[in-house]
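Report on one structure; see the data block that follows.
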Amino acid sequence: MDGDVIRIRAMIRLLGAFEGGRPSPIRGSYRPSHNFFGPADRAMMIGFIDLPEGSELRPGESMEASIAFWQAPGLDELLHPGRQWRIQEGLRLVGIGTVLAVLPPGEDQ
C-alpha cells in the first residue's frame with residue numbers, strides 16, 4: 001500500500017462548534033474529506049489523519065499529526081511545507097491543516 005499513499009506530518013486545527021466545526025473530539029484514525037481547492041470546489045482528496053495512541057483532538061485545539069493521503073493525480077504538487085487546506089465533513093468545514101513535512105516513502109513519523 002505504501003506506493004499508493006503520500007505521507008505527511010501536519011498541524012491540524014479543529015474548528016470549534018461556535019465556528020461551525022465539530023461538536024466532539026476526534027481520536028485514533030479519522031478520515032474526513034481534504035479540500036485543497038477552496039470552499040466552492042467539491043474535488044476532495046482522501047486522507048487518514050492518525051492521532052498518537054491515547055490522544056484526542058478537541059474542537060478549538062491544534063495538534064501535530066501524521067496523514068496518509070491516497071495517491072491522486074497532481075496531489076504531490078499540492079503537498080509542500082506551509083501549504084494549508086480545508087478539512088471537511090461533506091461540505092462542512094471542520095478544520096484547517098498545514099503541511100509541516102512530506103515524508104519519504106516508508107517513513108511514518
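The values are calculated or read from the model by the stated rules, or taken from the named source; none is laboratory data. Model, not experiment: these values are computed from the prediction. Here Cβ is always computed from backbone atoms with ideal geometry, including for glycine, and neighbour counts include all displayed protein chains. These area figures cover heavy atoms from the full protein model, side chains too; ligands, DNA and RNA do not enter into them. Shrake-Rupley method; radii C 1.70, N 1.55, O 1.52, S 1.80 Å.
The table below gives the values:
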item: Tally of residues being in contact with a strand residue (DSSP E or B) (Cβ under 9 Å, 6 or more places away or on another chain) and polar (S, T, N, Q) across segment 24-33; result: 2
item: Single unsatisfied condition, A10 versus (1) at pLDDT 95 or above; (2) in contact with a strand residue (DSSP E or B) (Cβ under 6 Å, 6 or more places away or on another chain); (3) open to solvent by 30 Å² or more (accessible area, probe 1.4 Å); (4) over 17 Å from A72 (Cα atoms); result: (3)
item: F36 open to solvent by 30 Å² or more (accessible area, probe 1.4 Å), closer than 18 Å to R9 by Cβ and touching a strand residue (DSSP E or B) at 6+ places or on another chain (Cβ under 6 Å); result: no
item: Complete set of residues in segment 13-44 that are under 19 Å from A72 (Cα atoms) and touching a helix residue (DSSP H, G or I) at 6+ places or on another chain (Cβ under 8 Å); result: F36
item: Test: A68 is farther than 12 Å from R13 by Cα, aliphatic (A, V, I, L, M) and surrounded by fewer than 11 Cβ atoms within 10 Å (Cβ to Cβ); result: no
item: Residue within segment 49-61 that is under 16 Å from Q84 (Cα atoms) and in a loop (DSSP other than H, G, I, E, B) present; result: no
item: Close pairs from segment 71-91: first over 24 Å from P59 (Cα atoms), partner assigned to a loop (DSSP other than H, G, I, E, B) and hydrophobic (A, V, I, L, M, F, W, C), Cβ under 9 Å, at least 6 apart; result: L75/F36; L78/F36; L78/F37; L79/F36
item: Failed condition for S24, given (1) in a loop (DSSP other than H, G, I, E, B); (2) among the polar types (S, T, N, Q); (3) surrounded by 12 or more Cβ atoms within 10 Å (Cβ to Cβ); result: (3)
item: Positions within segment 39-65 being farther than 18 Å from M11 by Cα and either open to solvent by less than 50 Å² (accessible area, probe 1.4 Å) or of a type in the set (A, V, I, L, M) (or both), in sequence order; result: A40, A43, M44
item: Filtered residue count, segment 72-88, keeping only those that are modelled with pLDDT under 95, surrounded by fewer than 14 Cβ atoms within 10 Å (Cβ to Cβ) and either of a type in the set (A, V, I, L, M) or in contact with a strand residue (DSSP E or B) (Cβ under 8 Å, 6 or more places away or on another chain) (or both); result: 1
item: Residues of segment 27-43 satisfying the condition of being under 17 Å from S62 (Cβ atoms) and outside any strand (DSSP E or B); result: P32
